[in-house]
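Down below is the structure, laid out as structure tokens.
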Amino acid sequence: MPYPAPTARRHPPTGERQSGEDAFNVLDLAEYTKSRPWWRKVFAPGSGSSAEKYNVATQLVIGGVTGWCTGFIFQKVGKLAATAVGGGFFLLQVANHTGYIKVDWKLVERDVNKAKQQLKFHSSGNKMAPEVITFLKKNVILTGGFAGGFLLGMAS
């Protein structure tokens, strides 16, 4: 459903009436914005890249903050995942050593080799989507800020 365009009214300059040449347009944006949902304003199809909308400092700050938050969360989740996986292997070794379970290591080795072959087969070629490459090219400053913030978030 198309949204109505802003309406324009002609007003003379304040304090005096002048000819039609000196008149100017006043856009009634209040009515226009009331009829549009907020997500259309933020994620409009023609919104363009962030390089067109924001200055360099703003792009670096936005990229840096989002990168730092992402890196910090990755760090915390990564530690938790590493602890869980390492603890699982430790318990497996303890259970194997004490005789609670018996692991068929030949079967494990065969399955791991099969998985390696499948990974080699599927990992050939460039899998990055063209949309991602286009986004990275259009938003180099934002991406650089994100990368720097991500590394700082991982280090903190």
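Contact annotation: residue pairs with Cβ atoms under 7 Å, 6 or more positions apart or on different chains, pairing a residue in region 130-156 that is in contact (Cβ under 8 Å) with a residue 12 or more places away in the chain with a partner that is surrounded by fewer than 17 Cβ atoms within 10 Å (Cβ to Cβ) and of a type outside the set (A, V, I, L, M, F, W, C), are Lys138/Ser49; Asn139/Ser49; Phe146/Thr66; Gly149/Thr66; Phe150/Thr70; Gly153/Thr70; Gly153/Gln75; Met154/Gln75.
Applying the criterion of at least 1 residues that are at pLDDT below 90 and small (Gly, Ala, Ser) to the helices (runs of 4 or more DSSP H) found wholly in region 26-95 leaves 29-34, 50-53.
The values are calculated or read from the model by the stated rules, or taken from the named source; none is laboratory data. Keep in mind that this is a model prediction, so the values were computed, not measured. All Cβ positions, even for glycine, are placed from backbone atoms using ideal geometry, and neighbour counts span all protein chains on display.
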